[in-house]
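Before any comments, here is the structure.
The values are calculated or read from the model by the stated rules, or taken from the named source; none is laboratory data. Predicted model only: the values in this text are computed from it and were never measured. Just the protein is used for accessible areas: all its heavy atoms, side chains included, with ligands, DNA and RNA removed. Shrake-Rupley method; radii C 1.70, N 1.55, O 1.52, S 1.80 Å.
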Amino acid sequence: MVLGLCLDCAWIVLGLCLIVTGHGLIVSSYFTNQFGIKGIITAAACIAIGVFLSLPTKIYLTILLGSVDLYGLIFVQTRGDLIAARGL
């Protein structure tokens, strides 16, 4: 379990690093001037791969944290209203 959580964090960190790297490459005028359109494509690919790597783990963590019981309350939806009830 700990190894799985560690791998999830590694994917998130790797994805965020690729996103920041891609952004830095796009903002850097030296890189875009030297490599032209290929440099822009490379930076965009870094950002796309970073988003691809970090998105599934974010969904997994959202589902995991969404199943946590908050202060013993169970949320029940009746007729469009959301009410909190204890011990249902």
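Apply the Kirkwood formula to the range 2-54: the hydrodynamic radius equals the inverse of the mean of 1/r over all pairs of different alpha-carbon atoms; give it in Å with one decimal. Could the numbers behind the result be given before it?
On the way: mean 1/r = 0.0873 Å⁻¹.
For the range 2-54, the Kirkwood estimate is 11.5 Å.
On the accessible surface of the range 1-61, probed at 1.4 Å, how many percent belong to carbon and sulfur atoms?
On the way: 3540 of 4300 Å².
Summing carbon and sulfur atoms, their accessible area is 82 percent of the total for the range 1-61.
To the nearest 10 square angstrom, what accessible area does THR62 show with a 1.4 Å probe?
Answer for THR62: close to 100 Å² accessible.
For a quick check: with amide H placed at 1.01 Å from N, whose amide H comes under 5 Å from SER28's, ignoring anything fewer than 5 positions away on the same chain?
none
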